Structure formats: C-alpha cells, structure tokens
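Novice: Please see the structure below; I have some questions.
Here, each number is a calculation from the coordinates, and none is a lab measurement. Owing to the predicted nature of the structure, the values given are computational and were not obtained by experimental measurement. Glycine gets a Cβ as well: all are built from the backbone with ideal geometry, and neighbour counts include every protein chain shown.
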C-alpha cells in the first residue's frame with residue numbers, strides 16, 4: 001500500500017499535532033491562512049406572494065444551486081446529517097481528532113480508506129474550493145483551511161454552506177435543489193426515507209444516483225437509516241418502515257410556473273437574487289393547465305392567454321402567457337398577455353359609459369340599428385343583420401356595431417383614447433394616425449394586460465389602478481383621475497352582468513366578449529366583486545381562424561377561470577343616483593339618441609318579415625289543445641309598426657321588431673306589417 005501511505009502519515013501527524021494542544025507552528029499557519037469564501041453564488045429564484053417557488057434559474061456554470069435557509073430544512077435531515085458525517089460538529093474547531101484517529105487506524109489496519117475523518121467544516125472547504133484531498137498534501141491543506149474557517153465563520157454559517165454546496169448528482173448542488181429534483185418538494189418536511197437518502201447521496205453523488213444505480217442508492221440509504229436508528233435519531237420501527245419505501249426512479253423538473261412573467265421580472269431587476277411576485281402559485285398552476293387543455297381542444301396552432309387581477313389592489317394573481325412554453329406549434333414562447341392585438345368589441349362598454357356620463361344616453365334610450373354611413377365609413381353587424389330601433393341596453397348586450405359607432409361619434413374617439421391614458425393604457429393607432437370611429441370596433445392595438453387594466457378600473461367604480469406583478473413595485477405617486485364616473489359604470493355593469501348566462505343573484509359576473517376582424521382574436525373580459533379576468537384565444541402569428549368567436553371559445557374559459565378562483569364574488573352595490581325607468585318614462589332628450597351626424601344609407605327598402613317565412617307550416621299546438629303564440633320577427637323599416645292578420649289590425653309596436661300573435665285557430669293566416677313611411681310586407685303561413 002505505498003500509494004496510500006502519505007495519507008496515513010498526514011492523518012497521524014495531524015492527530016499528533018492537534019492532540020498536543022496545537023504547537024506554535026500550526027497555530028501561526030492557521031492564523032496566517034485567509035478563511036475561504038463560502039458565499040457561493042446561488043440560483044436566482046422567482047417566488048409567489050406566499051414565498052413558494054415559481055421558477056429558479058441555473059447559475060453561470062449550469063448548476064442548480066438554490067438558496068437554502070437551514071431554519072427551513074427538516075430538523076430530521078439535519079440530525080441524520082450530523083449523526084452520520086460529524087457527531088461532534090458543535091464541539092470541534094474544524095477538525096475532529098477522534099475522527100482522524102479512527103480514519104488513520106482503519107487505513108492502517110485495512111489497507112484502504114474506510115472513513116475519511118472529514119468534519120462538515122472540512123467538507124465545506126473541499127466543496128467551496130473544489131479541492132483534491134485524496135493525498136497527504138491535499139488533506140493537510142484542507143485541515144488548515146478548516147481550522148481557519150472556524151475562526152472566521154459561525155457554525156450556522158458553515159452548516160448553511162454545506163446545505164448549499166453538497167453535490168447530489170449531475171448538476172444538482174444543495175439539499176433544496178436535491179429535494180425538489182428527486183422528490184418534487186421543498187426540504188422543509190421530509191420522511192425518514194427521504195432524509196436518509198439525501199444524507200447518503202453526497203457521499204458518492206454519481207455512483208448512488210437512483211435513476212442510474214438504484215441498488216447502490218438503496219443500500220447507501222438503508223445504511224444511513226440503520227445508523228440513525230442505532231444512534232437514537234429515529235426509532236427502529238421508523239427505520240424498518242423507511243427501508244421498505246421505494247426510491248425515486250427519475251429526476252423531476254424544477255418548477256416552471258409563470259415563466260414569462262418571471263423572465264420579465266428578471267429583466268427589470270437583473271441584479272436581485274430573489275424576486276417576489278404577486279402571483280399565487282396554486283392559481284397559476286391551475287390556470288396554466290386550463291389554458292393548455294382548452295388550446296388542445298380548440299385546435300392546432302391555437303394559444304390561450306389568461307390574466308387575473310385583484311380589483312382592490314391591482315395585484316396580478318395569475319398571468320398565463322401561452323398554452324405551453326415549449327409548444328412550438330403554438331409559439332408558446334410568445335407572451336400573449338403583452339402582445340398587441342385588435343380588441344374587437346371589448347371597448348364598447350367604455351363607449352357607452354362615456355355616453356352615460358355625458359348625459360347623451362341611458363340604458364333604455366332608443367338607438368337605430370340600420371345601415372348607416374359615417375363620412376364614408378359603413379359598419380356592419382357581425383351577423384350582417386340589422387335590428388332597427390333598439391335600446392342601448394340591447395345594443396350593448398347584443399354587441400351591435402352601428403349603435404356603438406353612433407354613440408362613439410357623439411362622445412368622440414379622441415376622448416375615448418384620452419380616458420384610456422388616465423388608466424395608464426396607451427392605445428396603438430395605425431401609422432400614428434388620429435383616432436377614428438374604427439376604434440370602436442377594434443381598429444386600435446391593445447394588449448390583454450391593457451384590457452384587464454381597463455376592466456379593473458370598471459370593477460372599481462371607474463377608478464383606475466396600475467396592475468402590479470412584483471410585490472415591491474411602487475404605483476404612481478398621485479392618484480389617477482377616474483376613467484368615468486361611478487354612475488356611468490353602474491349602468492354598464494348592470495347591462496354586462498345580465499347577459500351570457502351569468503350567474504343569477506348577487507354573484508353575477510359582468511362579461512363582454514370580442515372577436516377581431518377576420519376571426520384573428522377571440523376575447524372574453526369579466527369582473528366581479530374581487531377579480532377582473534381577461535381571456536384571449538387565437539394564433540400568435542395573427543393568422544385568421546374562421547369561426548373563432550369570443551362567445552364560443554373564450555367565454556367558457558372565462559367561466560372555468562372563475563370556478564378555479566373559487567367562484568364569483570358579489571358585485572359592488574350600484575351607486576346612488578342611478579335612474580331606473582322605461583324608455584317612455586325617461587326625459588324626452590334621453591328617449592332617443594340624438595345629435596349624431598351619421599347619414600342613413602339608402603339600403604332600407606322597407607320592413608321585411610324575417611320569421612315566419614311565407615308558405616311554411618308552423619306547429620303552434622292547436623291539435624294538443626294548448627296553442628302557443630306565433631312569434632313574429634321583423635327587420636328593416638322605420639318604427640312604429642302596425643301589424644295585421646287577414647287584413648285586421650292586431651297591434652301597433654312603437655319600436656319593437658318582435659311581436660307575439662295567437663291566431664284564432666288552425667289554417668292559413670295572412671300576416672302583414674306597415675311601417676311609419678307606409679311601406680309594407682306580407683307573408684302567408686299555415687298554423688296547426
């Protein structure tokens with residue numbers, strides 16, 4: 001054994017030196033030695049509002065070396081570690097004479113190293129400086145540096161360094177990295193089997209990896225368990241139970257929640273080792289899974305983005321930028337919460353809100369939905385149909401385009417854009433051109449973040465607040481001006497909360513959908529008494545997807561989002577001063593929208609009965625003895641409308657384009673209608 005004799009000599013000499021109260025030469029050498037730096041660079045981490053890990057980053061050399069607080073490590077692991085590696089850790093000054101003597105004796109009697117005799121302090125020296133200590137000079141240098149380190153650092157600091165630097169196979173360093181990679185949990189609560197495995201692995205990190213050498217890993221873990229039981233760290237029963245437990249079969253991925261929000265925070269604060277976000281890890285994970293599931297169900301190349309903000313604080317609870325970060329077909333690397341897109345009809349509530357604020361309209365004000373030209377701009381409704389005279393409430397609920405543009409012409413597109421700036425939202429106009437009426441139908445660029453900011457202001461009674469993703473983010477020094485007054489918001493909320501199958505009662509959700517030109521973007525925006533939620537569905541490359549509509553694909557995701565948030569919360573009570581009245585009860589100037597400079601396009605050829613078509617048979621239930629009224633529907637024409645059945649007047653509708661009529665019995669009936677200008681239409685149907 002000549003090759004190993006220098007180590008035996010070094011161990012024996014060192015023991016002799018330390019056992020004789022450290023001669024002057026050794027003391028002077030230790031005093032002249034500068035203590036090593038044990039403050040190794042650790043992985044930058046992004047945490048949620050509760051301190052839970054969202055995403056760690058590797059250090060420069062590609063290692064996962066996560067910061068770890070000894071106080072947050074399971075005491076059982078600490079006890080097993082000291083019992084196995086350094087029983088006299090609390091008493092020695094860097095070197096254990098007893099351990100070195102034992103190691104020397106074992107080497108001399110058995111001819112090979114049985115135990116190294118290294119204390120935790122000595123191991124920290126070796127790990128921090130990447131020392132080779134399998135020969136005499138290396139071991140002596142390690143001993144001297146350990147003695148020097150103990151003079152400069154506390155026991156707690158040395159233990160923390162070991163917990164941070166210990167190798168656990170591959171590019172894993174530190175007990176926190178190992179616990180997350182092998183068990184998927186933080187090291188704060190470990191089973192005896194898990195704790196023993198994490199004690200055993202650093203002794204031979206590559207030879208005991210359970211994914212490569214499961215037998216060796218189990219044997220090493222079980223030895224630690226038996227030793228811990230023999231020393232009284234755990235009971236014999238716990239040791240037997242732990243020995244029967246399986247080992248992990250593969251490494252797990254580190255948490256990767258809110259990857260794009262984490263990257264954004266890192267770019268903003270590049271030198272900060274730990275960043276706390278306002279996100280909730282549980283909610284974030286649930287909504288990321290929801291986005292991925294729905295995107296797969298909708299179709300290939302489709303992505304989904306979801307943004308949730310607390311309406312009281314503006315804190316973002318969840319930020320889902322895509323349907324999957326590594327999904328190349330869906331371009332998952334693009335953060336669609338910050339991508340500029342056409343908002344479709346999602347801006348209509350703000351248009352009507354400004355009209356309510358200015359006294360131009362009330363939810364029961366009548367407005368014309370008919371082919372109309374606005375200085376060369378001729379909008380159409382999504383279904384290419386026109387409803388004629390409708391209330392503002394119906395116009396917003398049905399998202400009619402022509403009434404929205406009429407109202408926007410009154411309030412002014414520049415004023416709308418200016419109000420957005422009050423909320424900190426800068427709309428992107430094509431080629432820096434001035435705002436036009438096309439803004440009302442999505443002719444402007446906004447992000448999902450922008451829209452959630454605006455709807456959060458609506459949920460707050462019109463008072464804007466900056467959305468916040470970082471806990472240490474500071475908002476504006478001065479309170480912003482209102483987006484609109486609370487009475488106007490109350491009218492808008494009352495309209496939006498009564499549509500699209502929203503929950504009844506106090507837990508309604510105010511919802512607005514949007515679909516951009518060419519079916520490129522599908523939107524659903526909503527708010528209740530606690531959260532404002534925005535959902536975007538589409539292709540990140542902007543390609544059209546025929547049939548992709550907000551009401552069909554985005555609203556179900558919005559509804560499921562609220563389910564995952566714990567259900568809807570009661571909306572704030574309506575503000576005082578809201579006028580509840582029918583159209584006829586309104587002041588005369590509010591009964592019908594006035595003042596628009598639009599010109600009616602000469603495409604209205606008179607009233608046309610849309611249902612029932614002439615010549616059809618309609619089963620009203622006469623044969624069953626319980627006949628139901630015939631529902632008549634009308635398009636075009638000018639109110640009021642007079643209805644006739646077989647030439648006899650049966651009703652006069654002041655503005656409605658629907659009429660229920662119960663015929664006297666079975667057989668043919670001729671139905672006709674005459675509008676205010678004397679134009680007429682007629683159908684003949686057979687009722688039975």
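Novice: Between residue 579 and residue 431, how high is the FRET efficiency from 1/(1 + (r/R0)^6) when r is the Cβ-Cβ distance and R₀ = 41 Å? Nearest 0.05.
Specialist: Working: r = 42 Å, r/R0 = 1.02.
About 0.45, to the nearest 0.05.
Novice: Here's a follow-up. For a footprinting-style exposure proxy, rank 182, 655, 523 by other Cβ within 10 Å, fewest first.
Specialist: Working: 182 25, 655 17, 523 31.
With the fewest neighbours first, 182, 655, 523 line up as 655, 182, 523.
Novice: Between residue 250 and residue 293, 0.36 nm times their residue separation minus their Cα-Cα distance comes to what?
Specialist: On the way: separation 43, 0.36 × 43 = 15.48 nm, distance 2.56 nm.
Taking 0.36 nm per residue and subtracting the Cα distance, the gain is 12.9 nm.
Novice: Among 362, 301, what is the fewest-to-most ranking by other Cβ atoms within 10 Å? Don't jump to the answer; show the numbers that get you there.
Specialist: Values: 362 24, 301 16.
By the 10 Å Cβ count, ascending: 301, 362.
Novice: So, one more: Can you give me the distance in nm between label points at residue 658 and residue 326, each placed 7 Å from the Cα along the Cα-to-Cβ direction?
Specialist: Those two pseudo-labels are separated by 5.2 nm.
Novice: Quick check: Cα centre of region 452-498 to Cα centre of region 296-358, how many Å?
Specialist: First find each Cα centre; the distance between them is then 17 Å.
Novice: How high is the FRET efficiency from residue 39 to residue 631, r the C-beta distance, R0 56 Å, rounded to 0.05? It would help to have the intermediate numbers written out before the result.
Specialist: On the way: r = 78 Å, r/R0 = 1.40.
Calculated value: 0.10.
Novice: Assuming R0 = 56 Å, can you tell me the calculated FRET efficiency for the pair residue 377 and residue 668, based on Cβ-Cβ distance, to the nearest 0.05? It would help to have the intermediate numbers written out before the result.
Specialist: Details: r = 45 Å, r/R0 = 0.81.
In this case the efficiency is close to 0.80.
Novice: Mean separation of Cα pairs under 8 Å and 6+ residues apart, divided by the residue count of the chain: what relative contact order is that in percent? Before the final figure, lay out each step's value.
Specialist: Details: 1389 pairs, mean separation 72.2, N = 688.
Averaging sequence separation for qualifying contacts and normalising by length gives 11 percent for the chain.
Novice: On to the next question. Is the shape of region 344-583 rounded, prolate or oblate, going by the alpha carbon gyration tensor and its root eigenvalues a ≥ b ≥ c, with a/c under 1.5 for rounded and a/b larger than b/c for prolate?
Specialist: On the way: a/c = 1.22, a/b = 1.14, b/c = 1.08.
Rounded shape, in that the Cα axes give a/c under 1.5.
Novice: Going by how many other beta carbons lie within 10 Å of each one, how would you line up 373, 677, fewest first? Don't skip to the answer; put the middle values down first.
Specialist: Details: 373 14, 677 11.
With the fewest neighbours first, 373, 677 line up as 677, 373.
Novice: Can I ask one more? Compute the distance in nm between two label points, each set 7 Å from the Cα along the Cα-to-Cβ direction, one at residue 422 and one at residue 52.
Specialist: Output for this residue pair reads 3.8 nm.
Novice: Summing -39500 (n - 2.57) over the DSSP H runs of n ≥ 4 in the chain and dividing by its residue number, what mean residue ellipticity at 222 nm do you reach, to the nearest 500 deg cm²/dmol? It would help to have the intermediate numbers written out before the result.
Specialist: Working: 21 runs with 233 residues, N = 688.
Computed mean residue ellipticity for the chain: -10500 deg cm²/dmol.
Novice: To continue, here is another question. Remind me, relative contact order of region 344-583 in percent, using alpha carbon pairs under 8 angstrom and six or more residues apart? Kindly include the intermediate steps, with their values, before the conclusion.
Specialist: Details: 433 pairs, mean separation 45.8, N = 240.
Averaging sequence separation for qualifying contacts and normalising by length gives 19 percent for region 344-583.
Novice: Multiply the residue gap between residue 130 and residue 471 by 0.36 nm, knock off their C-alpha separation, and tell me the result in nm, one decimal place.
Specialist: Details: separation 341, 0.36 × 341 = 122.76 nm, distance 3.76 nm.
Full extension of this stretch gives 119.0 nm more.
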